[in-house]
Amino acid sequence: MSRPVVVVSDPLPEATLAELRPHCELRLVDGRDRADLLASVADAVALIVRSGTQVDHEVLAQAPALKIVARAGVGLDNVDVTYARSAGVTVVNAPDSNTVSVAEFTVGLVIASLRHICAAAQHVSEGEWRRSAFMGGELAGRTLGILGLGRVGRQVARRLTAFEMHVIAYDPHVSAAEAAEVGAELVTFDTLLTTSDVLTIHLPKSPATTGLLGESELARVKPSLCLVNTARGGIVDENALAAALKDGRIACAALDVFAEEPPRASPLLHLPNVLATPHLGAGTDSAQLRAGRSAVHSVLRVLETAGV
Ligand SMILES: NC(=O)c1ccc[n+]([C@@H]2O[C@H](COP(=O)([O-])OP(=O)(O)OC[C@H]3O[C@@H](n4cnc5c(N)ncnc54)[C@H](O)[C@@H]3O)[C@@H](O)[C@H]2O)c1
Ligand SMILES: O=C(O)CC[C@@H](O)C(=O)O
């Protein structure tokens, strides 16, 4: 009897692939290579992805035997969840797998931005030593605004209250009591925009959140603002943000995510007040192992239930 085909189209740790191998024909492909992806899913029962693969209508329509799309991570914005479910395909993610890694990375970006660590390191590597060029600011006493107080947002709040930041948050699905548990004060969207010294974004990308921070929202922030985005590109309008950074209407930004990745044509690249990283929030061994295992276990459960 032929074994069920499982396609893995983004890198997963070998230890997680080893758990799959005895149960299936494992097909490793590059999800960014559309032709290869489309050909590979034609007889697949399961597809495991990270953020590099677009699981859109075309891919799903090409995979009539598909039973599950498992996202080894959190964001499902690269999966057409509505169409998948209407076609009877289960869609799962790995909600808690990388929360701590992203929160720690966010803290790193806040500190690096306020203290100009990356620019200063580059400066020294070029043989320079102008200490006065990198005068920074303390976190303590500054107001941290958190947009989206879910798993990552809450872990960021816990960590940055320890740095004596005053933490405020906007999230319509969270109560004041839940916010208080992690040391955050729930405020309106407008208060978040107008009073944050550092504003960090931790919400999913969806039609409702795309462009949530556009020209008019960015016009209301403090000119000294440091904007941090480890959630998704496109939640902030990149053209509006680039214009504000160029005009000094926003002091700096630390961005781990871009509307297009890699961000070949982003207006934010090469600005001196932008610290850009290549979608590294979940880039730790522990997070990738947890995310990969969670996706693999979801696939194995579905295969077992379906008897394939
Ligand atoms: N950079 C990375 O590697 C990386 C890793 C993990 C997650 N992420 C991104 O971070 C996002 C958040 O992750 P999470 O685990 O905290 O998700 P989560 O679902 O636990 O939390 C998201 C929160 O956003 C809130 N929210 C939704 N719409 C909102 C709005 N319009 N205004 C304010 N709040 C709103 C929700 O109520 C929820 O509390 C993910 O969806 C993903 O896109 C990025
Ligand atoms: O695929 C990755 O490692 C990025 C994961 C991250 O963006 C997520 O949403 O979990």
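Coordinate-derived values only; no laboratory data. None of these values were measured; they are calculated from a predicted model. In this analysis, Cβ positions are derived from the backbone assuming ideal geometry, glycine residues included, and neighbour counts consider all displayed protein chains.
So the values come out like this:
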| read-out | value |
| --- | --- |
| ALA121/ARG264 FRET efficiency (R0 30 Å; Cβ-Cβ; nearest 0.05) | 0.75 |
| Hull volume in cubic angstrom per residue (convex hull over the Cα atoms of the chain) | 145 Å³ |
| Translational diffusion of the stretch 99-276, µm² s⁻¹ [Kirkwood Rh, Cα pairs; Stokes-Einstein; 10 °C; 1.306 mPa s] | 97 µm²/s |
| Cα gyration tensor shape for the stretch 8-97, rounded if a/c is under 1.5, else prolate or oblate | rounded |
| Volume in Å³ per residue [convex hull over Cα atoms, computed for the stretch 175-308] | 168 Å³ |
| Peptides ranked, highest mean first, by Cβ atoms within 10 Å: ranges 210-216, 103-109 | 103-109, 210-216 |
| Highest-first arrangement of 116-128, 164-176, where packing means the average Cβ count within 10 Å | 164-176, 116-128 |
| Under the Karplus curve 6.51 cos²θ - 1.76 cosθ + 1.60, θ = phi - 60°, whole-Hz ³J(HN,Hα) for the stretch 140-156, x wherever Gly or Pro sits | 3, x, 7, 9, 9, x, 10, 9, x, 9, x, 4, 5, x, 5, 5, 5 |
| Near-label residues of the stretch 31-54 by backbone N, under 15 Å of a point 7 Å along Cα→Cβ of HIS23 | 45-49 |
| Relative contact order (%) - criterion: Cα under 8 Å, at least six apart; region: the chain | 17 percent |
| MRE, 222 nm, helices only [DSSP H, n ≥ 4, -39500 (n - 2.57), over the chain, to nearest 500] | -10500 deg cm²/dmol |
| Cα-based equivalent ellipsoid, the stretch 210-281: semi-axes from gyration tensor eigenvalues, Å | 18, 13, 11 |
| LEU289 paired with TRP129, simple spin-label distance in nm, labels 7 Å along Cα-to-beta-carbon | 4.2 nm |
